[in-house]
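K.L.:
One structure is given below, represented as structure tokens, and several questions about it will come after.
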Amino acid sequence: MLNKLASRLLFPCLPVDKSALRRRLKNKTVLITGASYGIGEALAYALADLPVRLILVARTQEKLQQIQSDFTARKADCQTFAADLSKPDECQTLAEAIDALPYPVDIFVNNAGKSIRRPLMASLDRLHDAERTMSLNYFAPVRLCLHLLKGHRPRFTHIVNVSAANVLLAPTPHWAAYQASKTAFDQWLRCGEPELRAGDVRVSSVYFPLVGTRMIEPTYANRSVPVLPVEKAANILCRALLTQKSAFKPWWLPLGQLCSVLFNSPWRRGWIRYLKASTK
Ligand SMILES: NC(=O)c1ccc[n+]([C@@H]2O[C@H](COP(=O)([O-])OP(=O)(O)OC[C@H]3O[C@@H](n4cnc5c(N)ncnc54)[C@H](OP(=O)(O)O)[C@@H]3O)[C@@H](O)[C@H]2O)c1
């Protein structure tokens, strides 16, 4: 009950003007990575009734096929590609398959992601944690952006990045591999934004808090924390597609950012004390 109330307060429902979205996306091609589950799947379903062409990418072929047949029944225009985007050769094959389609990509929603929560001292033989997160969360979207900017202009005009609220806050122990990779792409895109804007390509960075998907299950399954429902997350992405604003943050995130600066030292000291106590 309390959790529901907190969730409503922290994540109010912001309406999307469906007819404006319909006009904005009419005849547009939207590439969504990580569309088989969670936020990406919810976004694909939110767009399925609009006059758009969807290109959906993820690894799980059966799930993509299931979504495709569902969309075909609704007469939605949808292509699916199974690819492991953490592998450069599969990214390249996907890029070539997209080039072979009769229509260029207008909008890229970078959503596929991998999360790892592990203490640094438990990662001493696990360089692959850093490699895996970087290859999917950083190198794959960089590769796809460069490819689309090179070959799909002038139609390619909007990049929506599914980022995480934590990249704007004080760092948290145990999340080094994930946070570093999410921050890397967030920075890459924000550094490039003025150049992209000058070339008429919009960038929207969407900073999500915890979202109720399978990604958070290993860490939060038995904890009662307020999470953003996945349908609301898809709704926020629809607003990003409609308004093309450069950043979407929960209303309370700027307060968190301020506290991250003001209370950085006590935050760090608190963690050190807690971690020392928990290893005794
Ligand atoms: N959940 C949260 O609390 C939260 C908060 C902030 C930001 N985010 C971000 O939101 C995005 C979506 O996460 P989610 O919560 O929706 O998680 P999810 O339910 O686990 O979905 C992740 C999606 O990415 C795909 N994917 C994973 N590895 C892939 C790979 N190697 N190649 C291609 N596709 C791959 C998955 O499909 P397959 O397994 O079929 O490949 C799935 O469709 C991520 O970028 C995440 O960092 C999530």
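The values are calculated or read from the model by the stated rules, or taken from the named source; none is laboratory data. None of the values given here were measured: they were computed from a predicted structure. FYI the Cβ positions are ideal-geometry reconstructions off the backbone, even for glycines, and counts take in every protein chain you see. The area values use the complete protein model at the heavy-atom level, side chains included, leaving out ligands, DNA and RNA. Shrake-Rupley method; radii C 1.70, N 1.55, O 1.52, S 1.80 Å.
K.L.:
Please go through the residue pairs Lys18/Lys87; Lys150/Lys182; Lys150/Lys249; Lys114/Lys249; Lys18/Lys249; Lys114/Lys280 and name each one whose alpha carbons sit more than 28 Å apart in this structure.
P.N.:
Lys18/Lys87; Lys150/Lys249; Lys114/Lys280
K.L.:
Quick check of the Kirkwood formula: for segment 1-143, what is the inverse mean of 1/r over all pairs of different Cα atoms, in Å?
P.N.:
17.0 Å
K.L.:
Enter the Cα centre distance for the pair segment 86-162 and segment 31-49, rounded to the nearest angstrom.
P.N.:
16 Å
K.L.:
Give me the 1.4 Å probe accessible area per residue for segment 1-58, excluding ligands and nucleic acids, in Å².
P.N.:
Value for segment 1-58: 49 Å² per residue.
K.L.:
What is the set of long-range amide H partners of Val211 at a cut-off below 5 Å, with H atoms built 1.01 Å from backbone N?
P.N.:
HN-HN under 5 Å from Val211: Leu228.
K.L.:
Sequence gap at least 6, Cα distance under 8 Å: using those rules, report the relative contact order of the chain to the nearest whole percent.
P.N.:
In percent, rounded to a whole number, it is 21.
K.L.:
For segment 153-280, what % of the accessible area comes from carbon and sulfur atoms, probe 1.4 Å? Write out the running numbers ahead of the final one.
P.N.:
Working: 4100 of 7000 Å².
Percent of accessible area from carbon and sulfur atoms in segment 153-280: 59.
K.L.:
Can you give the calculated 222 nm mean residue ellipticity of the chain, where each DSSP H run of n ≥ 4 adds -39,500 (n - 2.57) and the sum is split over every residue, rounded to the nearest 500 deg cm²/dmol?
P.N.:
-15000 deg cm²/dmol
K.L.:
Would you kindly derive the ³J(HN,Hα) couplings of segment 149-154 from the backbone phi angles with the Karplus curve 6.51 cos²θ - 1.76 cosθ + 1.60 (θ = phi - 60°), listing them in order in whole Hz, with x for Gly and Pro?
P.N.:
Running phi through 6.51 cos²θ - 1.76 cosθ + 1.60 with θ = phi - 60° gives 5, 6, x, 10, 6, x Hz.
K.L.:
Any chance you could give the angle, 0 to 90 degrees and rounded to 10, that helix 230-243 forms with the longest Cα principal axis of the chain?
P.N.:
60 degrees
K.L.:
Check Thr80: other-chain or 5+ apart residues with amide H under 5 Å from its amide H, H built from backbone geometry?
P.N.:
Leu56
K.L.:
Here's a follow-up. Quick check: the angle from helix 88-99's long axis to the longest principal axis of the chain, C-alpha only, nearest 10 degrees?
P.N.:
The answer is roughly 30 degrees.
K.L.:
Taking H as built 1.01 Å from N, whose amide H comes closer than 5 Å to the amide H of Val203, not counting residues under 5 places away?
P.N.:
Amide H to amide H, under 5 Å and 5 or more residues apart or across chains, Val203 pairs with Ile159.
K.L.:
In whole angstrom, note down how far apart the Cα centers of segment 190-263 and segment 52-78 are.
P.N.:
Taking the Cα centre of each part, segment 190-263 and segment 52-78 sit 25 Å apart.
K.L.:
A follow-up question, please. Have a look at Ser7, Gly113, Ile39 and report the one farthest towards the positive end of the charge dipole of segment 1-134, computed about the Cα centre with Cβ charges (Lys/Arg +1, Asp/Glu -1).
P.N.:
Checked the options; the winner is Ser7.
K.L.:
Now for a different question. Which value, in Å² rounded to 10, gives the accessible area of Ser115 with a 1.4 Å probe and all protein chains present?
P.N.:
Answer for Ser115: close to 40 Å² accessible.
K.L.:
Sorted by accessible area (1.4 Å probe), largest first, how do Arg273, Arg268 line up?
P.N.:
Putting Arg273, Arg268 in descending order of accessible area: Arg273, Arg268.
K.L.:
Can you compute the FRET efficiency between Leu9 and Lys150 using 1/(1 + (r/R0)^6), with r the Cβ-Cβ distance and R0 = 30 Å? Round to the nearest 0.05.
P.N.:
My answer for the efficiency is 0.10.
K.L.:
Follow-up. Dipole of segment 157-222, Cα-centred, from +1 at each Lys and Arg C-beta and -1 at each Asp and Glu C-beta, to the nearest 20 debye?
P.N.:
80 debye
K.L.:
Work out from phi, with θ = phi - 60° and the Karplus expression 6.51 cos²θ - 1.76 cosθ + 1.60, the ³J(HN,Hα) of each residue of segment 65-81, listed in order in whole Hz, and give x for Gly and Pro.
P.N.:
4, 4, 5, 4, 5, 4, 5, 4, 4, 8, 6, 7, 8, 9, 10, 10, 9
K.L.:
If you take every residue apart from Ile67 with its C-beta less than 15 Å away from the C-beta of Ile67, what net charge results, scoring Lys and Arg +1 and Asp and Glu -1?
P.N.:
Neighbourhood net charge equals 0.
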